Protein chains: 10
Amino acid sequence: MTREQITADIVAARLAKGLTWHQLADAIDKPVMWTIAALLGQHPVPVDCGAVVVDMLGLDESAIPVLAAVPMRGGLPTAVPTDPTIYRFYEVLQVYGGAIKEFIHEEFGDGIMSAINFSIDIQRKPHAAGDRVVVTLDGKFLPYDWTAAEG
Amino acid sequence: MTREQITADIVAARLAKGLTWHQLADAIDKPVMWTIAALLGQHPVPVDCGAVVVDMLGLDESAIPVLAAVPMRGGLPTAVPTDPTIYRFYEVLQVYGGAIKEFIHEEFGDGIMSAINFSIDIQRKPHAAGDRVVVTLDGKFLPYDWTAAEG
Amino acid sequence: MTREQITADIVAARLAKGLTWHQLADAIDKPVMWTIAALLGQHPVPVDCGAVVVDMLGLDESAIPVLAAVPMRGGLPTAVPTDPTIYRFYEVLQVYGGAIKEFIHEEFGDGIMSAINFSIDIQRKPHAAGDRVVVTLDGKFLPYDWTAAEG
Amino acid sequence: MTREQITADIVAARLAKGLTWHQLADAIDKPVMWTIAALLGQHPVPVDCGAVVVDMLGLDESAIPVLAAVPMRGGLPTAVPTDPTIYRFYEVLQVYGGAIKEFIHEEFGDGIMSAINFSIDIQRKPHAAGDRVVVTLDGKFLPYDWTAAEG
Amino acid sequence: MTREQITADIVAARLAKGLTWHQLADAIDKPVMWTIAALLGQHPVPVDCGAVVVDMLGLDESAIPVLAAVPMRGGLPTAVPTDPTIYRFYEVLQVYGGAIKEFIHEEFGDGIMSAINFSIDIQRKPHAAGDRVVVTLDGKFLPYDWTAAEG
Amino acid sequence: MTREQITADIVAARLAKGLTWHQLADAIDKPVMWTIAALLGQHPVPVDCGAVVVDMLGLDESAIPVLAAVPMRGGLPTAVPTDPTIYRFYEVLQVYGGAIKEFIHEEFGDGIMSAINFSIDIQRKPHAAGDRVVVTLDGKFLPYDWTAAEG
Amino acid sequence: MTREQITADIVAARLAKGLTWHQLADAIDKPVMWTIAALLGQHPVPVDCGAVVVDMLGLDESAIPVLAAVPMRGGLPTAVPTDPTIYRFYEVLQVYGGAIKEFIHEEFGDGIMSAINFSIDIQRKPHAAGDRVVVTLDGKFLPYDWTAAEG
Amino acid sequence: MTREQITADIVAARLAKGLTWHQLADAIDKPVMWTIAALLGQHPVPVDCGAVVVDMLGLDESAIPVLAAVPMRGGLPTAVPTDPTIYRFYEVLQVYGGAIKEFIHEEFGDGIMSAINFSIDIQRKPHAAGDRVVVTLDGKFLPYDWTAAEG
Amino acid sequence: MTREQITADIVAARLAKGLTWHQLADAIDKPVMWTIAALLGQHPVPVDCGAVVVDMLGLDESAIPVLAAVPMRGGLPTAVPTDPTIYRFYEVLQVYGGAIKEFIHEEFGDGIMSAINFSIDIQRKPHAAGDRVVVTLDGKFLPYDWTAAEG
Amino acid sequence: MTREQITADIVAARLAKGLTWHQLADAIDKPVMWTIAALLGQHPVPVDCGAVVVDMLGLDESAIPVLAAVPMRGGLPTAVPTDPTIYRFYEVLQVYGGAIKEFIHEEFGDGIMSAINFSIDIQRKPHAAGDRVVVTLDGKFLPYDWTAAEG
């Protein structure tokens, strides 16, 4: 049983059992965005959490150690996403990617926003003209630093 | 003079004159992220703002109407970005794209975060382990809606 | 059972049972273009509609919640379509895409035609030299609008 | 002087002179969508029209025969467009391409909508929730027909 | 049973039964090139022909309505073909594609050779230096024609 | 002066001087399809022919030896052509490529149609429903033959 | 049973039975390079040879007619090979492809080395600094020849 | 002056002066295939050879140190070559690449033919059915060898 | 049973049995990096080592000769890796690839670091600001050397 | 003057003046690998270093602020490098990428080697069978850490 097969089983079982992602996240006591990403095959799931997930979704217990292993990450079926909900974030990168780079360099100097020391949060926020999806990407600034191991 | 040439001239002149993006944004009284995106060729620049920019950067006045036209958007030289600062945002999409989609559908229903009725903001925020780059993507939720013109 | 497998089953069962798309659309009381797109895996199918479809096509009831979930959209097997009937619409984009963009900007200002607040209709219309396929794409104009959530 | 250079000159001169596409279309007495496509390098421009365009835009007369030649068509810089205004039409193809194909076959039989015996029109149409971009693609139905020359 | 599976079954059964394409074409009374293309999944096969094919090749009768449906066309596994026999025709396009375009425009004006109102024929023809493969592509000339439905 | 620059000059000069491809072919006493392909950079042009072309089109004499050298062939700007007139031939390959291969193998055995010992001809042929573009591809059959040099 | 499945079975059975390619080639009395290529799915295998192969490798007899059919050639899983042993030959093409072309034209005139009337041989040859892999590609020179069928 | 510009100048000057590659190779006393590859930008040209080349072709002396530097190698404009003379060698890789790999492993064990400790030679060899292009690729066998620096 | 299937079985069985890569490497007395690469399908596994692996992981003995054969190498599912842990090494190539090339040429002359006569080692090394991943790539320098077999 | 133009000027001027990378690195008192990468356009060059470089290479002083700006990184002209010296490192990634990932996870847990807090060093090291290129990649281990800004 590969991680890909387990992911497919999770996707199908969640719908069949009518469970929300929030319910799964609450059950394993993890942030919901982390939970969804992990159950879609993008993060290792600690053994105790994996046991809960396997139990709730009726999966085979042999899935637990596979879930606990670090997966091969990268969840887009094509380099440029085709799904409109996902594509808009790629479009943001096409339109604002250069500006993000320039802003980070002007504000922080040469470096990047880490995508590893990182969290992501989504909120529904009100606006007179219609509710808004507010996505917060929060990553540690990592300055380019020419360093070598000591000794 | 094409928009691409004007963008190249802006990039060069800003460095030569030692102006920050914040100074340019202040001068035209626009948000700094909007200003950088626009001056990198991703938004039309209103004529009055364009006149200020042309003056500050010492460009030819003939650039003003070209800056005011809606540009052909899309600022990445390759479909998958190679610059590390920009790549991390593509990586976020690879790792969290599926989770973003699932969260939006669970919270809002079927639809997307607009990238048109949209703003982006970046803040430097403190953390004991090092300052963080906090990027806020803020777009109107657009539900899938099968609508046609009236009459 | 994944959405892709259900789509394949729908395609096969429709042919085996000799049902037209119009018959399926009538049975669930939805526009025919919406119905075809949804049954080809591009829209969620509400539970009551899904129950009708499953019954008419002899599918397993477990397909209903999967049909009701928002699918991963994007129905072309290659980025540039190879099927001639579909390719002609890509060709329209190659030949008229720039003109569409310029027209929208001249008539409406900076913005896009929404593909979310959107409907599509096809009609057979007469002409002395042979009937015509008339496709109407009808989407809300969305102006570029730099807006943020309130509060 | 290549057609590509003339297209670039037209784009720049139109902005510099503040002419609208409608004014250019009226001047050569052609539909506006045809005019924009042609001036963006997608159709040959008849000599008399070309002479008017060259005069209005202040181009060199040597452009006239080049404008009158059938161009190498295909106006997208990348196979998948990056500009949001153009991309939405590619997205329509991803989401509704299969449905368009099925509808045409159910309604007309095996064949295609011609993109050669074809016109395109865009209208601004009202709706209580905001004006709409209504694009009409109108092409002759061409049935698959296994025919050979006579004699 | 998908069309792709039926195509694979046809390919295998034809070899197992030692039938030639000419024998299959004769049995259904269709041109041989049309027959091969159709049985390789590129054209719908009328129900009466499909019944003959299914009988000759020992396929299941449930294949008949699938064969009769218009298939998703496009038979090359890669955009640039790798098989030498097929590649030579792609090479012809690389070397003579521009010349074909120029000749058609000089002889017929602006337009295309239809690939829909079209037939293809291959003949073995003698030559002192060795027999030749003579392929005739025969398609209706379609002039670019800016036409709209009436009324 | 590279061959690419000479090709661009030929394209421009032919339009400026109002010469047809047939006139150029007659002047150098070569088949018109060969002539167009050669002048578009796909074949070497013998020195005597090159001299005639250079004279008729007003090019510099230094072009003659460059025209006489074997060029780097391959005239499509993208692997899948975007121009509709050229694309239809690629579409023929997508729809009939497999059938062409099977026919050649059934009729001739294992091998290919040469694209080197080859000629191409286009004719306008009449049909009651409209004139037809009839393209004849005529290449020597080359059987797969496992041969080595002698001695 | 497709040719691809038979190829996979041959690869597996050869290893399981511990047979060398040379033993297989000797058994069917063919050159070893031809034999390997054919058994990897790149050439048709004559019925008598196929019977020997099927017997030696313990395959099903139904494989014989499939092996005897001309296969869809092209054995690289990606356009640019990733396996180092194969990649080096692609690298040779990157570094020496232009020189090969120039040499052939200077020595033979305009034309190609046939890959159809062709054989390939590999020898282990000695050298003081280590044995060498010597690959001989031996193809008939085919001059570009504008020829048509007679009559 | 970049190496690419110098290569273009060499190509043009060689044709203008009517020099053969053999003459250039003789003048610098190097193998002709090495000479062509080097002058097409694939190898560094020693200073004394570069001086001869610059003199014979009438280039500027500043080209000598650029010619002497190790170039960025890789001379194909597209990953899959379009020129028929070069393409045939790519086709050989598609058809015989797997067999080459298997042969090398059976004869030499796990490893590769070096493309660095390597020479290439082309000969015209006779055959009753027409002269043949015989290309010899001669590279040192390099066994996979898990070795590390000493000490 | 193909090598790909065996690799998948190894990956799953290792997790199910809770074995580390170091334990597997110790059991077959090979370097750990070599062992992981080999068990992920990138190196042949000698028969005695294969027997140990098959025994430890509970695989079928028929896997041993397949493991012992030289595999088709190349372990990335996409040309540009999507997994962040792997991607960083591709990024190193984008940022430092040119510098690596220049350094090797300045220090060693024209040539390459062999990836065949090669070993790789990873160490955890301390640093006040956090432990470091230190990867050592150690390959024999191979000078470009135009050599041919003797005799 | 863009950074790309300055990079090209640096490459040309270094060769013309016969300066080594080590001399340039010594002059600006930076590690040589950092220096080469920076001068090839991959790192910003501090103003004082830029002044030295400009002086040594005879560039225009206006290059100094452009060199000091953070560049758009990514120095490979194609996604898969074609130059053999660079390609070997891509090959290492194909063959050992999976093993690197597994090793890091087994030794450090879930996370990456930073390519930002990173240095690279190359040494020539002796071996009885020939000197070796020893490349050390030294990056801080970054554990996946779901962290958000405080407050």
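Name the residues in segment C:87-114 that are touching a Lys or Arg at 6+ places or on another chain (Cβ under 8 Å), more than 14 Å from chain A (Cβ to nearest Cβ) and crowded, with 20+ Cβ neighbours inside 10 Å, would you?
C:Gln94, C:Val95 - these are the residues of segment C:87-114 that are touching a Lys or Arg at 6+ places or on another chain (Cβ under 8 Å), more than 14 Å from chain A (Cβ to nearest Cβ) and crowded, with 20+ Cβ neighbours inside 10 Å.
Restrict the check to segment I:51-69 and report whether at least one residue is among the small types (Gly, Ala, Ser), at positive phi and within 14 Å of chain A (Cβ to nearest Cβ).
Yes, some residue in segment I:51-69 is among the small types (Gly, Ala, Ser), at positive phi and within 14 Å of chain A (Cβ to nearest Cβ).
If I ask for residues that are surrounded by fewer than 23 Cβ atoms within 10 Å (Cβ to Cβ), assigned to a strand (DSSP E or B) and either under 23 Å from the mean Cα position of the chain (by Cα) or among the β-branched types (Val, Ile, Thr) (or both), which ones from segment G:141-151 would you list?
Correct list: G:Phe141 only.
Any idea which of (1) hydrophobic (A, V, I, L, M, F, W, C); (2) touching a Ser or Thr at 6+ places or on another chain (Cβ under 8 Å); (3) modelled with pLDDT of 95 or more is the one I:Val45 doesn't satisfy?
Exception for I:Val45: condition (2).
Among the listed residues H:Leu19, H:Leu24, H:Leu67, H:Leu40, identify the single one that is surrounded by fewer than 21 Cβ atoms within 10 Å (Cβ to Cβ), farther than 23 Å from I:Ala149 by Cα, modelled with pLDDT of 95 or more and not small (Gly, Ala, Ser).
Criteria check complete, one pass: H:Leu19.
Yes or no, residue by residue, for (1) under 17 Å from the mean Cα position of the chain (by Cα); (2) assigned to a helix (DSSP H, G or I); (3) not acidic (Asp, Glu):
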| position | (1), (2), (3) |
| --- | --- |
| I:Ile36 | yes, yes, yes |
| I:Met56 | no, yes, yes |
| I:Pro71 | yes, no, yes |
| I:Gly74 | yes, no, yes |
| I:Val80 | no, no, yes |
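Among the candidates G:Glu102, G:Glu61, G:Glu91, which residue alone is of a type in the set (Asp, Glu), farther than 17 Å from H:Gly75 by Cβ and modelled with pLDDT of 95 or more?
G:Glu61
Taking the condition outside the structural domain of I:Trp21 (by TED's automatic domain parsing), in a strand (DSSP E or B) and not basic (Lys, Arg), does I:Val133 pass?
Considered against the rule, which asks whether it is outside the structural domain of I:Trp21 (by TED's automatic domain parsing), in a strand (DSSP E or B) and not basic (Lys, Arg), I:Val133 comes out as yes.
Take I:Val45 and tell me if it is of a type outside the set (Gly, Ala, Ser) and in a helix (DSSP H, G or I).
The answer is no for I:Val45.
Can you tell which of D:Ile104, D:Ile64, D:Ile100 is without any contact (Cβ under 8 Å) to a residue 40 or more places away in the chain and in contact with a Gly (Cβ under 6 Å, 6 or more places away or on another chain)?
Only one candidate passes the filter, namely D:Ile64.
Give segment B:1-12 a look and list any residue that's free of Cβ contacts under 8 Å to residues at least 60 places away in the same chain and either buried (at least 17 other Cβ atoms within 10 Å of the Cβ) or not hydrophobic (A, V, I, L, M, F, W, C) (or both), or say none.
B:Glu4, B:Gln5, B:Thr7, B:Asp9, B:Ile10, B:Val11, B:Ala12
Does I:Asp121 satisfy the condition of being in contact (Cβ under 8 Å) with a residue 40 or more places away in the chain and not in a strand (DSSP E or B)?
Spelling it out, it is not the case that I:Asp121 is in contact (Cβ under 8 Å) with a residue 40 or more places away in the chain and not in a strand (DSSP E or B).
Can you name every residue in segment A:123-151 that is away from chain C (no Cβ under 14 Å) and over 21 Å from B:Phe89 (Cα atoms)?
A:Trp146, A:Thr147, A:Ala148, A:Ala149, A:Glu150, A:Gly151
Evaluate segment H:124-132: report whether one residue or more is buried (at least 22 other Cβ atoms within 10 Å of the Cβ), under 26 Å from I:Leu142 (Cβ atoms) and not hydroxyl-bearing (Ser, Thr, Tyr).
no
Can you tell me which residue within segment I:70-86, out of those that are within 26 Å of J:Gly41 (Cα to Cα) and of a type in the set (Ser, Thr, Tyr), is surrounded by the most Cβ atoms within 10 Å (Cβ to Cβ)?
I:Thr85
I'm trying to understand the selection: among the residues of segment B:16-34, which are within 14 Å of chain A (Cβ to nearest Cβ) and part of a loop (DSSP other than H, G, I, E, B)?
B:Gly18, B:Leu19, B:Thr20, B:Lys30, B:Pro31
The values are calculated or read from the model by the stated rules, or taken from the named source; none is laboratory data. It should be emphasised that the depicted structure is a prediction, and the values quoted were computed from it without experimental measurement. All Cβ positions, even for glycine, are placed from backbone atoms using ideal geometry, and neighbour counts span all protein chains on display.
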